[in-house]
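Just below is one structure, and these are the notes that go with it.
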Amino acid sequence: MKEFNDPKTLWSRSETSRYIRKSIKTVDRLIRDGKIKAFKFNNRSVLIYADSVIEENITSSKPIFNNKI
């Protein structure tokens with residue numbers, strides 16, 4: 001798995017799912033609900049900003065994103 005410390009690190013849905021120990025469907029729901037920050041690449045792949053995958057964002061009603069990206 002890639003380093004978490006680098007603010008520009010991008011994870012796939014499966015890498016994110018393994019990191020938070022939840023299903024890929026849960027990762028998709030978190031993206032749809034705006035809890036974690038992601039974007040589509042080449043109209044197929046979904047890439048997720050690793051620094052947005054923190055416990056506070058996942059459980060909070062209003063996520064906080066780092067603006068370094």
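Footprinting exposure proxy ranking of Thr9, Thr16, fewest other C-beta atoms within 10 angstrom first, gives Thr9, Thr16.
Restricting the calculation to Cα atoms, every distinct pair contributes to the Kirkwood radius of region 10-57, found to be 10.5 Å.
Exposure proxy for Lys62, Lys35: other Cβ atoms within 10 Å of each Cβ, ordered fewest to most, give Lys62, Lys35.
Neighbour counting of Cβ atoms within 10 Å sorts the residues Glu15, Glu55, fewest neighbours leading, into Glu55, Glu15.
Here, each number is a calculation from the coordinates, and none is a lab measurement. For clarity, every value in this text was computed on a predicted model and none was experimentally measured. For neighbour counting, all protein chains shown are included, and Cβ atoms are generated from backbone atoms with ideal geometry for every residue, glycine included.
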